[in-house]
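Asks: Please read through the structure below; I'll follow up with questions.
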Amino acid sequence: MDTMNVNNALTTTEVTPAETTSPSPQYEADARAKIAAVRAMAADFALPEPRSLTSAERRVVTATPRVFVEKAANFGQTVPGLSEAANADFTDMRDGEAYANAYDALIDELEATRQLVRKAVALRRLKSARSARSIYRMGKSYMLVDGGDNAKTHVQEMKKALHRRRRAADAQVPSPGPPTPQTPANGNQA
């Protein structure tokens, strides 16, 4: 590769930050169509009064086996007056369990699809990420040769963009404060 041509390419090329890189219209249209299909499916599950489950409610749901609910409904039907005392509708209990049982397969399928999409996206990015890192390594070496000074700003920008994520993650970890003086177990100061 001719050094003169490389120098001209580096000085005339405009660097586009990753934040402003727009997706391909082809991929964006496909992704939007799939997002719309997922949102339409999600709309079927929207509640008239949406609310989140509390952590205690989530624990009750996950810790209560379906067999237990069925046995409780069977027992409740054999004891007169238990439905009113427990404020339980046995038909509604069975219907709720049938609903959950039917849609567990959908939840599993959606989770498998999520993992598949995540993997496909990561594999597509792997090639471009490896290529970019290779270019960065070559750029660092290129800066060391005569005529490589004009590549310095590009390499510094790549370095800043590469390390920006790490710094943000490091900033979230609290640094340990100064050590506090310890008092002896007997409570007397030394």
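Asks: Mind listing the phi-derived Karplus ³J(HN,Hα) values for the stretch 46-61, rounded to whole Hz, using 6.51, -1.76 and 1.60 with θ = phi - 60°, and x for any glycine or proline?
Replies: 5, 8, x, 10, x, 7, 8, 6, 6, 5, 5, 5, 4, 5, 4, 5
Asks: If you average the alpha carbon positions of the stretch 47-125 and of the stretch 131-150, how far apart do those two centres end up, in angstrom?
Replies: Result: 57 Å between the Cα centres.
Asks: Can you list the residues, at least 5 places off or on another chain, whose amide H is less than 5 Å from the amide H of Asp89, using H built in the peptide plane?
Replies: none
Asks: Starting from the coordinates of the alpha-carbon atoms of the stretch 32-111, obtain the Kirkwood hydrodynamic radius over all distinct pairs and give the value in Å to one decimal.
Replies: Working: mean 1/r = 0.0656 Å⁻¹.
By the Kirkwood definition, the hydrodynamic radius is 15.2 Å.
Asks: Once you've got the Cα coordinates, tell me which of Lys127/Lys160; Lys127/Lys159; Lys34/Lys127; Lys119/Lys140 are over 28 Å apart. Walk me through the numbers on the way to the answer.
Replies: Working: Lys127/Lys160 21 Å; Lys127/Lys159 19 Å; Lys34/Lys127 24 Å; Lys119/Lys140 31 Å.
Violating the 28 Å Cα-Cα cut-off are Lys119/Lys140.
Computed from the coordinates by the stated procedures, all read-outs in this text should not be read as laboratory data. The shown structure was predicted, so the numbers you read here are calculated from the model rather than taken from an experiment.
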